[in-house]
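The values are calculated or read from the model by the stated rules, or taken from the named source; none is laboratory data. This structure is a prediction, so every number in the text was calculated from the model and none was measured. Quick reminder, even Gly has a Cβ in these numbers, built from the backbone with ideal geometry, and neighbours come from all protein chains shown.
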């Protein structure tokens, strides 16, 4: 099936790359005006040098965190593949619906308010991208058994739900007003919450 070496690589890639996602969104939402004033490349360089490199330094000096695995039974590994692919499909669907506006560049850097999307998957949930992240990350945990990928999936879910989404919803309310408030009352954050 899926060899241990591949699942270890998948786990470690997740742990090394994941922080770029919440760091980007937190920076954009906490420092929106600053993000608008600087050029995108400068913004990315600041993000990498100030926040990401110390994280990498921490990981390199704490290898035991990366190398802790728990055995996962084959049926759970298969479930992990299914969950991962559901998350990847959801992410791809969101990208197609938003036509690449998923990075927030239009809204924060280019100051293009765009349109409030309420079709397709957005009829059923307001934040499919964040749910797709959780599915993909938790799927990687089930595939690899890497405790660090479980920690990442939990942190990602918590950071998105308690920091990123509230800031994003405040920005969307500012941008779309009562139209977004009405949408928020009709449609849950995710299918079930």
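Some points to look at:
- The range 113-168 - residue that is surrounded by fewer than 21 Cβ atoms within 10 Å (Cβ to Cβ) and on the phi > 0 side of the Ramachandran plot and, of those, modelled with the lowest pLDDT: 114
- If only residues of the range 137-147 that are touching a strand residue (DSSP E or B) at 6+ places or on another chain (Cβ under 9 Å) and in a helix (DSSP H, G or I) are counted, the one that is nearest to residue 8 (Cα to Cα) is 144.
- Test: residue in the range 64-71 that is within 26 Å of residue 170 (Cα to Cα), modelled with pLDDT of 70 or more and surrounded by 16 or more Cβ atoms within 10 Å (Cβ to Cβ): no
- Every residue from the range 175-186 that is modelled with pLDDT of 85 or more and surrounded by fewer than 16 Cβ atoms within 10 Å (Cβ to Cβ): 177, 178, 179, 181, 182, 184, 185, 186
- Members of the range 165-189 that are assigned to a loop (DSSP other than H, G, I, E, B) and closer than 17 Å to residue 119 by Cβ: 187, 188
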